[in-house]
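The next block holds one structure in the form of structure tokens; read it before the comments.
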Ligand SMILES: [Zn+2]
């Protein structure tokens, strides 16, 4: 028996319990909105997202773009990894670019990001010896220096801590991290210096991939998580064949669309999508 509310009986000093009838209880249940079940439908480059979770900013995470929806495993992983790096390196702020649109589908400036499983993430940077969060993606050269920003460098320790946090996150399964080859080599060298296990180093080496086409990803990570178990219609990998047979309309390009530019960048490139 469930007590809906308690009432004081005037003058008697008694507290009585008002009990809900079975009908009342059923109506109460039916009026309670249930949380939408997240569904990642289709593939990263031909998909949709239903009931996605919105990424919110925090002290350790800056959400720099409008397309902030993803499957809970991706959004949770970004939040947890930013907090974990900031705990280890106080003051660290993770800059996150596009995830997906609220309902998924085409996102200007991207080949993928359609089914809630992709996110663009800026590198941790340092100016001199101090952490520096520029709020935008900045190109890193082969020496680890930031193009156009004297004294700003790629932060090996924080960026490896980020990749380590992704690969060891229990709430998400990372499927792919697109990043330029010279950045990958820096991170693997840092993993060795940090004493990462051989298993973790091997996983990092296999999941960090230099893109074969599109942008080299020398100014941000593109991270993708695996299909959630609850999404029966989720397709793990992109399907170019499907796109061709579906005769999908060409993606729009706008003057401001480029996945490597959450706000503005000094170095402009022809927008490519991933
Ligand atoms: Zn991307």
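Read the figures in this text as sums done on the coordinates, not as results from a lab. Keep in mind the model is a prediction, meaning the values are calculated, not measured. When we count neighbours, we look across all protein chains shown, and the Cβ atoms used for this are built from the backbone with ideal geometry, even at glycine.
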For a footprinting-style exposure proxy, rank 145, 53 by other Cβ within 10 Å, fewest first. 145, 53
Whole-number percent relative contact order across segment 43-196, with pairs defined as alpha carbons under 8 Å at least 6 apart: 22
